[in-house]
Amino acid sequence: MELGLTTFAETHPVGGDGPVPTAGERLRQVVEEAVAVEQAGLDVYGVGEHHRKDFAASSPAVVLAAIASRTDRIQLTSAVTVLSSADPVRAYQDFATLDGLSNGRAELMAGRGSFTESFPLFGYNLADYDELFEEKLALLLKIREEGPVTWSGNFRAPLNDAVVYPRTENRPLPVWIAVGGSPESVVRAGLLGLPLAIAIIGGQPARFKPLVDLYHRALDQGGHEPQPVAVHAHGYIAESDEQAVADFYAPYAAAMSGIGRERGWGAMTRDQFSALRSQSGSLFVGTPDYVASKIADIRDTLGLDRFMLHTSVGTLPHEKVLRNIELLGEKVAPQVR
């Protein structure tokens, strides 16, 4: 199973206190963290797209290109690309360019977006949320095929016998569908024969088993071969459970409580955190042995091919993230594998 890390290049907790790095400082840290992921023997690094002050990475392909120049082996993925508010032509060009720079290591994870800031920013109406994604995904998949594209839709200018350059070498650009738990999105991924990435940021991971089963049925119905399934989840590893909780709880609670205020949730409590940290919960926080056991459990329950740990929720100090990466590669990965 592949193991790796994802980040949104968080700059500070929403509503939290403490020193706040500039966007440039945080992005340079992200590059160093990706280099550490490769040095630790891990497989994949992902950068998500956001358009707000507490996240520095609004352009994952640019950040991943900087990482490509410093690494040789790890897969480089968006986590995610908000395709609903993007131009599929430009998205393809960005990631085909990244694929060439990285010698065939680029992936595009397409999602509808759990944050909505990009929609008004790029002139889209949230009322078209589902239709935007469906149309733009269809166009992206046509563009990555060989040959000219003739296409028309509701949300961008038509294409007439167009070939989008540059092209990827030796393979079509890998496109994943990233979902947060929508059955419709899971079925779409399966019917299209695309790999599936599930963000599990609350509750019990075992409860996602029916969605994975639904995905496999949709793959069969679409006449496709089995495809990889990945999970993205929050977590942090330290030498002791006490240290892991002491390091992670405050920034995590500040970030989740801040987002909760925006969305009408209650503030994160210590009891909620403890429940999420339990063996059946969605937080992967603790010693290497404990986190490895939880990853192995979710791998076996959901039949995973990839697990991506999202550590910089809040955010943690850079040096603690680097130590977390070392432990994930040196202590957790061998046990899981």
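Quick rundown of the values:
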quantity	calculated
With eigenvalues of the C-alpha gyration tensor scaled by 5 and rooted, the stretch 288-337, Å	21, 12, 8
Protein accessible area in the stretch 170-253, 1.4 Å probe - carbon and sulfur %	55
Listed residues Pro120, Pro172, Pro21, most fluctuating in the chain (Gaussian network, C-alpha, under 10 Å)	Pro120
Residues of the chain: accessible area per residue with a 1.4 Å probe, Å²	42
Phi to ³J(HN,Hα) by Karplus 6.51 cos²θ - 1.76 cosθ + 1.60 over the stretch 34-43, Hz, x for Gly, Pro	5, 4, 5, 4, 5, 4, 7, x, 7, 10
Separation between Cα centres of the stretch 145-187 and the stretch 24-77, rounded to whole Å	24
Pairwise Cα inverse-distance average, inverted: Kirkwood Rh of the stretch 137-250 (Å)	17.0
Which of Leu76, Val31, Ser59, positive extreme of dipole for the chain (C-beta unit charges)	Ser59
Which of Gly264, Leu5, Val229, positive extreme of dipole for the chain (C-beta unit charges)	Gly264
For the stretch 17-163, size of Cβ-based charge dipole, Lys and Arg +1, Asp and Glu -1, in debye	240
FRET E, pair Arg171, Glu319, Förster distance 41 Å, beta-carbon r, rounded to 0.05	0.65
Lys/Arg +1, Asp/Glu -1 at C-beta; the stretch 110-159 dipole; positive extreme among Leu132, Leu159, Ser118	Leu159
Point-charge dipole on Cβ atoms (K/R +1, D/E -1) for the stretch 225-337, about Cα centre, debye to 20	280
Whole-percent carbon and sulfur share, accessible surface of the stretch 272-311, 1.4 Å	49
Loop sites in the stretch 242-331: chymotrypsin sites (Phe, Trp or Tyr not before Pro), DSSP, at most 14 other Cβ within 10 Å	Trp265
Longest exposed-site-free window of the chain, the sites being GluC sites (Glu not before Pro) in a DSSP loop that have at most 14 other C-beta atoms within 10 Å	1-144
Estimated FRET transfer efficiency (Val336, Glu146; beta-carbon r; R0 45 Å; 0.05)	0.75
For the chain, size of Cβ-based charge dipole, Lys and Arg +1, Asp and Glu -1, in debye	220
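The values are calculated or read from the model by the stated rules, or taken from the named source; none is laboratory data. Keep in mind that this is a model prediction, so the values were computed, not measured. Positions of Cβ are backbone-derived with ideal geometry, glycine not excepted, and every protein chain shown enters the neighbour counts. Ligands, DNA and RNA are excluded from the accessible area calculation, which covers all protein heavy atoms including side chains. Shrake-Rupley method; radii C 1.70, N 1.55, O 1.52, S 1.80 Å.
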